[in-house]
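As structure tokens, the structure follows; a few thoughts come after it.
The values are calculated or read from the model by the stated rules, or taken from the named source; none is laboratory data. Values in this document were obtained by computation on a predicted structure and should not be read as measured data. Accessible surface areas use protein heavy atoms only, side chains included; no ligands, DNA or RNA. Shrake-Rupley method; radii C 1.70, N 1.55, O 1.52, S 1.80 Å.
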Amino acid sequence: MTAMTIHTNPAPTGDSYNDGYSDGELAAITQLPSRRAHARAAMADEHDPLYAQGYIDGFLHATAVNAAYLDKEKSS
């Protein structure tokens with residue numbers, strides 16, 4: 001059996017906006033409530049404003065894409 005090391009503060013990848021964007025998209029896809037997504041972004045903003053902006057942008061983009069898709073399905 002090997003010991004597992006848990007990193008509590010991983011090294012930054014240098015691309016925190018895109019990391020946040022991907023996380024925001026996943027949050028929207030998994031139907032995280034908007035209130036919770038905005039709360040997560042607000043908490044992240046204190047530590048990494050670029051990640052927080054990416055998170056919100058990704059969340060809003062995925063939400064808008066989904067809404068447009070549903071609109072198109074209704075009108076067809």
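At a glance:
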item	result
Selection count, region 29-52, where residues are open to solvent by less than 90 Å² (accessible area, probe 1.4 Å) and of a type outside the set (A, V, I, L, M, F, W, C)	7
Selection from region 24-76 of residues that are over 11 Å from the mean Cα position of the chain (by Cα) and assigned to a loop (DSSP other than H, G, I, E, B)	Gln31, Pro33, Glu46, His47, Asp48, Ser76
All positions within region 54-76 that are of a type in the set (Phe, Trp, Tyr) and modelled with pLDDT under 95	Tyr69
